[in-house]
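Q: Here you go, one structure.
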Amino acid sequence: MVSGVAGELKKVEVKLKWDPSHWGQPPHHLDIIAATYSADASCGPPAYVVHTESRSPDGTINLTRHSETGLGFGFVEVMVLELDRLAPSYTRVVVGVAIHQRGGRMTFADVTNTEVVITERYTKLVSDTFAGVADCTAATVAEFHRNTAGGWGLRHMLRGSDLDPVSFGREMGQMTRP
C-alpha cells in the first residue's frame, strides 16, 4: 500500500483482525492504541492515549468495536479518528497495535491471520499483516500529521517493539520521531 498520503484526511478508521487462539489456549487479545501529540511536544509524552479503556477527551478518537478474543467475522476491532475535529493544538497522532501478554510472551508470529487496515470512507490507505515485525509484541502502524495549512496527512510506518500495551502507548510516539 502507500507509504505516505498527503492532503485532507478527515475521518479515518483503523481496523484490526486476527484469528482466535486454539481451543484450550489463552485468548489472543490485541489492542489498537492511538497517542495524540500537541505542537509544542510533538515527540515528548502524549497529550493523551486512546485504547480499550479510554477515549479522547473531546470524543474525536473512539474505539467503536473491541474484541478480547478475535472471535467474529472480518475486522473485530475498529478505532475511528475524526482528524478534522481535533483541536488545532494537536498536530500528530501515532497509531499502533499491542498484544496483551497472558501466560508467556506472545508475538505477532504467534497470532495467525493478523491484518490492520486504515481507510477513509471506501478508500484503503494502508494494509499490513505485521509480517515485518513478526518477532515483536507491539508495533506502530501509522502516523497522522497536520500540515501547515491545517490538513492531515498519513505516513505508513511499521516499527516493532517489545513493550507491554500500557508502556507502548506512552512510548510509541518517541519511537517514531518525525
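Q: Determine how many Å³ per residue the convex hull of the Cα atoms of the range 74-172 encloses.
A: Value for the range 74-172: 115 Å³ per residue.
Q: Please give the length that would be gained between C43 and A87 if that part of the chain were fully extended, namely 0.36 nm times their separation in residues minus their C-alpha to C-alpha distance (nm, one decimal).
A: Net length gain for the segment: 14.1 nm.
Q: Going by a ≥ b ≥ c, the root eigenvalues of the Cα gyration tensor, does the range 17-70 fall in the rounded group (a/c under 1.5), the prolate group (a/b larger than b/c) or the oblate group?
A: Here the range 17-70 falls in the prolate category.
Q: Turning to a different aspect of this structure: Would you work out if the range 83-133 is rounded, prolate or oblate? Take a ≥ b ≥ c from the square roots of the eigenvalues of the alpha-carbon gyration tensor; rounded if a/c is under 1.5, else prolate when a/b is larger than b/c, oblate otherwise.
A: It is oblate, given that a/c is not under 1.5 and a/b is not larger than b/c.
Q: Would you compute, from DSSP H runs of 4+ residues alone, the mean residue ellipticity of the chain at 222 nm, taking -39500 (n - 2.57) per run and dividing by the full residue count, rounded to the nearest 500?
A: Rounded to the nearest 500, it is -1000 deg cm²/dmol.
Q: Consider the candidate values [x] 52, 33, 29; [y] 45, 37, 25; [z] 116, 36, 23; state which one is Cα extents along the principal axes in Å computed from the structure displayed.
A: [x]
Q: I would also like to ask the following. Hey, if you put +1 on the Cβ of every Lys and Arg and -1 on every Asp and Glu Cβ in the chain, which of M172, L16, S38 ends up farthest toward the positive end of that dipole?
A: About the Cα centre, the residue reaching furthest to the positive side is S38.
Q: About its Cα centre, how strong a charge dipole does the chain have in debye, to the nearest 20, once Lys and Arg get +1 and Asp and Glu get -1 at the Cβ?
A: About 320 debye.
Q: Moving to a separate point now. Please list R65, R105 from largest to smallest accessible area, probe radius 1.4 Å, with all protein chains kept in place.
A: R105, R65
Q: Let me ask something additional. Under the 0.36 nm per residue contour assumption, what length would be gained going from the current alpha-carbon distance of F73 and A149 to full extension?
A: Answer, rounded to one decimal: 23.4 nm.
Q: Okay, next question. Straight-line reach from K15: which aspartates and glutamates have Cα under 20 Å away, leaving out those fewer than 8 places along the same chain?
A: Within the straight-line limit of under 20 Å, K15 reaches these aspartates and glutamates: D31, E53, E68, E77, E82, D84, D110, E115, E120, D128, E143.
Q: GNM, the chain, Cα, under 10 Å: largest mean-square fluctuation among P26, P45, P165?
A: It is P26.
Q: Something else about it: Relative to the present Cα-Cα distance, how much length would full extension add between Q174 and D110 at 0.36 nm per residue of separation?
A: Separation in residues times 0.36 nm, less the Cα-Cα distance, equals 20.4 nm.
Q: Also, I was wondering about something else. Share of the chain's accessible area from carbon and sulfur, percent, 1.4 Å?
A: 52
The values are calculated or read from the model by the stated rules, or taken from the named source; none is laboratory data. Note that the coordinates shown come from a computational prediction; the quantities given were computed from them, not determined experimentally. Positions of Cβ are backbone-derived with ideal geometry, glycine not excepted, and every protein chain shown enters the neighbour counts. Each accessible area value is taken on the protein alone, full model and side chains, heavy atoms only, with ligands, DNA and RNA left out. Shrake-Rupley method; radii C 1.70, N 1.55, O 1.52, S 1.80 Å.
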